[in-house]
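Presented below is the structure to which this report refers.
Where a number appears in this text, it was derived from the coordinates with a stated rule and is not lab data. Everything quoted here is computed from the prediction, not taken from an experiment. Cβ placement follows ideal geometry from the backbone for every residue including glycine, while neighbour counts extend to all protein chains displayed.
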Amino acid sequence: MNRILIAEDEPRIATFVEKGLRSQGFTTAIATDAVEAIEMVLGDSFDLMLLDLGLPVKDGLTVLEELRGQGVTLPIIILTARDDIQDKVAGLEGGADDYMTKPFRFEELLARVRLRLRNDRATTIGEKDTSIQIGPVTIDLLTRRVCVDRQEVELSAREFNLLETLARHPGQVMSREQLLDRVWGYSYDPGSNIVDVYVGYLRKKLGSDFIETVRGMGYRFQT
Ligand code: CA
């Protein structure tokens, strides 16, 4: 059974989401401020978090930053009344998996929750695995540190997510659409070249040998 943490200070919204999720068989808990949300994530095992950006004590983006900074890989969907594009970009760059603007329909939230949980499960290498080692590349999934030949390489949150996604499926071709969906998590223009741009960044930082372009299909992490 999946456990979902709802970090939301507005009782009406928290209750609406909680009722909906429980009716679908999820277990839920509510955190009503930022400090409580961080403590609950660190102290308990949740499968996904819904995070309101406008939380008391600290901003939701700070919560996101602190959790990712501590190596928490829990899928996080941001809920917010702000439809400011700047916040959206900041949230996703800060390591959120998806984003919903209030007011939203419960069905849409549910669809996104299920998608995130499925992606997370599909990409789970093993419950006890905390790192991926492929050739000279080591990816620490807890601290989100990457080394090539024991030399640490600094990656942005997005670069790390792209590398992790490719490396969790070594030898397997992943299409641009799959990578867009898993790493960017929301619908980009399919003609967007953002995946190619980020693969370029990774090659520059890691060396050009690891990620192979499969013409007309996508990319593959070499084994
Ligand atoms: Ca709020």
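Summary of computed values
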| read-out | value |
| --- | --- |
| Charge dipole of the range 5-113 about the Cα centre (unit charges at C-beta), most positive-ward option of Gly71, Leu42, Phe16 | Phe16 |
| Pairs of lysine residues in the chain - Cα separation under 24 Å, sequence separation of 8 or more or cross-chain | 4 |
| Surface/4 of the Cα convex hull for the range 146-211, nm² | 4.4 nm² |
| Lys, Arg +1 and Asp, Glu -1 on Cβ, resulting dipole of the range 3-123 about Cα centre, debye, nearest 20 | 580 debye |
| DSSP beta bridges in the chain [antiparallel fraction, %, rounded to 5] | 50 percent |
| Relative contact order computed over the range 131-221 (Cα-Cα under 8 Å; 6+ residues apart), in percent | 26 percent |
| Shape category assigned to the range 3-123 from the gyration tensor of Cα positions, a/c cut at 1.5 | rounded |
| Mean residue ellipticity (222 nm) of the chain, computed from DSSP H runs ≥ 4 via -39,500 (n - 2.57), nearest 500 | -12000 deg cm²/dmol |
| Relative contact order [Cα under 8 Å, 6+ residues apart], the chain, whole percent | 14 percent |
| Dipole of the chain, positive direction: furthest Cα of Gln133, Thr101, Thr223, with charges on the beta-carbon | Thr223 |
| Prolate/oblate/rounded call for the chain, Cα gyration tensor, a/c under 1.5 rounded | prolate |
| Förster radius 30 Å - calculated FRET efficiency between Gln70 and Ile194 (Cβ-Cβ, nearest 0.05) | 0.65 |
| Estimated FRET transfer efficiency when R0 is 35 angstrom, pair Asp209-Glu93 (beta carbons, to 0.05) | 0.80 |
